[in-house]
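Student: Below is the structure I would like to discuss, written out as structure tokens.
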Amino acid sequence: MAQLWGGRFTKETDKLVYNFNASISFDQKFFRQDIEGSIAHVKMLAKQKILSEIEKNQILSGLESILTDVENGKLTITEEYEDIHSFVEANLINRIGDAGKKLHTGRSRNDQVALDMKLYTRHEVIEINALLKCLLENILMIMEQNTETYMPGFTHLQKAQPITLAHHMGAYFEMFKRDRQRLDDIYNRMNYCPLGSGALAGTTYPLDRNYTAQLLDFDGPTLNSMDSVADRDYIIELLSALSTIMMHLSRFSEEIILWNSNEYHFVEIDDAYSTGSSIMPQKKNPDIAELVRGKTGRVYGALMSILTTMKGIPLAYNKDMQEDKELTFDAIDTVKGCVALFTGMLKTLKFNKDIMKTSAMKGFTNATDAADYLVNHGVPFRDAHRIIGSLVLYCIEKDKAIDALSLDELKAISPVFEQDIYEAVSLETCVNKRMTIGAPGPDAMKEVIQIYKKYVAIN
Ligand code: ARG
């Protein structure tokens, strides 16, 4: 049991207490960031003449050697230390002697851990953003190839109006684009350096916090030392954004699961992204989509967990906050895994375009357009709605589509119908006439695709 704070104590910590309190089993995940933060701190201390140049150089080479040795496996992080901060400091003192004991001058583990966590999550935000970009590029590719791939659009999971595959995919493009914007917002809001806040009340050393912030690529130092060590808002925001990403992935997964079912058969998931059954030889299951949908619960759980942990904590640092780590790490790893796998599944997904088109032609997805036809011929909309309602009822009885009826049958329901009704309610017309921006008409869609292409190129 190696601790940084034995001086005031007369007894050894109880072993169970030690284990309960220790965080090294998980905070070793940010050993790089811990060393990076210490390097910046030491450079600043030397610039301010709090450390000599010789001490600075000794400490820097000690820290760099620890980093290299951990990275190449020569030095193992073991649980005999309480946390990653103690591990690094103890190893530094082992390697360079007395100068190592000066590393923690003008610093507390409270501002140190606040920094480490920010550096770690900041890096992960960039990684998740890049994974989402790759997903967007794949969605965009599907959109470009499918501006005239017809399919039914649904409301209440009932066929509503015809759309195109490009249009359906575009909805997800919008969602994941917003997800990326949320990550950018979080990055910008969190990007202030807490180091130099000390335990809670700053320090009495003449630290140059601007310099430390600059060395670590922050937009500046945080402005209140109590808030700096007690703030976990950015983690809550991040977990909220990650939950939203998972919610989007889960909805998309759910659609793929439905579309992949025998009943829909709109898509075929690639063999590489499906699994079989141990008993039913015919099965090809959409396990990846189901797992992504399932893992959404874990990420929501992390958000609820940190919100609850933070709600009753008085200022400033309290040990409760150590609970921010495992759940955040788990949520980040879960989201990264899910986005990457989902992208692979989408990339290899086969669309059964004929089945989608046939499905769009059934279920009276052109009923609104038939009503619009009557309106365009002078019938008030409310009357047109009723007439088409009875037309649909007639079609259901005869088991026919609207455009499969003869003109005589149509005229028997409303004399306003003429030969051009067939053209007016054809699948192509129903989609192509929806030309306002945001609608599925291929021309409108192509305009949006150009906007998305620009977005992907510059973001
Ligand atoms: N392991 C601690 C955490 O993750 C580091 C800060 C410890 N500070 C303290 N005063 N005990 O929050």
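The values are calculated or read from the model by the stated rules, or taken from the named source; none is laboratory data. Keep in mind that what you see is a predicted model, and the values were worked out from it rather than measured. Cβ atoms come from the backbone with ideal geometry, glycine included; neighbour counts cover every protein chain shown. We work out accessible area using only protein heavy atoms, side chains counted, and drop any ligands, DNA or RNA first. Shrake-Rupley method; radii C 1.70, N 1.55, O 1.52, S 1.80 Å.
Student: Would you mind getting me the FRET efficiency between residue 10 and residue 32? Use the beta-carbon distance for r and R0 = 30 Å, nearest 0.05. Provide the component values of the computation, followed by the final result.
Tutor: On the way: r = 37 Å, r/R0 = 1.22.
That pair, residue 10 with residue 32, gives E of 0.25.
Student: As an exercise, take the mean of 1/r over every pair of distinct alpha carbons in segment 237-284, invert it, and state the Kirkwood radius in angstroms.
Tutor: 12.6 Å
Student: Given Cα pairs under 8 Å that are at least 6 residues apart, what percent is the relative contact order of segment 256-324? Working shown, then result.
Tutor: Numbers: 43 pairs, mean separation 12.7, N = 69.
Normalised by residue count, the contact order of segment 256-324 is 18 percent.
Student: Given charges of +1 on the Cβ of Lys and Arg and -1 on the Cβ of Asp and Glu, with all other atoms neutral, how large is the dipole of segment 32-82 about its Cα centre, in debye to the nearest 20? Please report the intermediate quantities before stating the final value.
Tutor: Working: 6 positive and 10 negative charges, 85 e Å.
Here the size comes out at about 400 debye.
Student: Still on this structure, please answer the following. With just the Cα atoms defining each centre, how far is segment 170-218 from segment 361-399? Give it in Å.
Tutor: 57 Å
Student: For the chain, give the magnitude of the charge dipole about the Cα centre (Cβ charges: +1 Lys/Arg, -1 Asp/Glu; no others), in debye to the nearest 20. It would help to have the intermediate numbers written out before the result.
Tutor: Working: 51 positive and 63 negative charges, 130 e Å.
Rounded to the nearest 20 debye, it is 620 debye.
Student: So, one more: Antiparallel DSSP bridges in the chain: what percent, to the nearest 5?
Tutor: Values: 9 of 11 bridges.
Here the share of antiparallel DSSP bridges comes out near 80 percent.
Student: Continuing with the same structure: With a Förster radius of 25 Å, plug the Cβ-Cβ distance of residue 446 and residue 377 into 1/(1 + (r/R0)^6) and report the FRET value to the nearest 0.05.
Tutor: Computed FRET efficiency for residue 446 and residue 377 comes out at 0.20.
Student: Let me ask another. Three principal axis extents, largest first, for the C-alpha atoms of the chain, in Å?
Tutor: For the chain, the Cα spread along each principal axis is 101, 52, 39 Å.
Student: Still on this model: Tell me, what % of the accessible area of segment 265-375 is carbon and sulfur with a 1.4 angstrom probe?
Tutor: Summing carbon and sulfur atoms, their accessible area is 57 percent of the total for segment 265-375.
Student: Quick one: check the C-alpha center-to-center distance for segment 403-425 versus segment 94-157, whole angstrom.
Tutor: Here the two parts' Cα centres lie 57 Å apart.
Student: Turning to a different aspect of this structure: Return one whole number: the accessible area per residue of the chain in Å², for a 1.4 Å probe.
Tutor: 48 Å²
Student: Using the Cα centre of segment 1-111 as origin and beta-carbon charges of +1 (Lys, Arg) and -1 (Asp, Glu), tell me which of 16, 3, 26 is placed farthest towards the positive end of the dipole.
Tutor: It is 3.
Student: Of 364, 374, 431, which is farthest along the charge dipole of segment 311-459 in the positive direction, counting Lys and Arg as +1 and Asp and Glu as -1 at C-beta?
Tutor: Most positive-ward Cα: 431.
Student: Against the longest alpha carbon principal axis of the chain, how many degrees, from 0 to 90 and to the nearest 10, is the axis of helix 31-47 turned?
Tutor: 50 degrees
Student: Kindly identify segment 1-40 as rounded, prolate or oblate by the Cα gyration tensor criterion: order the square roots of the eigenvalues as a ≥ b ≥ c, call it rounded if a/c is under 1.5, otherwise compare a/b with b/c, prolate if a/b is larger, else oblate. Display every interim value, and only then the final one.
Tutor: Values: a/c = 5.03, a/b = 1.73, b/c = 2.90.
It is oblate, given that a/c is not under 1.5 and a/b is not larger than b/c.
Student: Normalising by the residue count of the chain, find the relative contact order in percent from Cα pairs under 8 Å and 6+ residues apart.
Tutor: 16 percent
Student: Counting only chymotrypsin sites (Phe, Trp or Tyr not before Pro) that sit in a DSSP loop (anything but H, G, I, E, B) with at most 12 other Cβ atoms within 10 Å, what is the longest stretch of the chain containing none of them?
Tutor: In the chain, the maximal stretch lacking such sites is 10-459.
Student: Can you give the charge dipole size of segment 217-353 about its Cα centre, rounded to the nearest 20 debye, using +1 on the beta carbon of Lys and Arg and -1 on the beta carbon of Asp and Glu?
Tutor: On the way: 14 positive and 20 negative charges, 108 e Å.
The dipole magnitude comes to about 520 debye.
Student: Give the shape of segment 53-114 as rounded, prolate or oblate, defined through the alpha-carbon gyration tensor: a ≥ b ≥ c are the square roots of its eigenvalues, a/c under 1.5 means rounded, and otherwise the shape is prolate if a/b is larger than b/c and oblate if not.
Tutor: Judged from the Cα gyration tensor, segment 53-114 comes out oblate (a/c at least 1.5, b/c at or above a/b).
Student: Could I ask something else about it? With the crude spin-label approximation of a point 7 Å out along Cα→Cβ, what separation in nm comes out for residue 340 versus residue 141?
Tutor: Result: 1.8 nm between the two label points.
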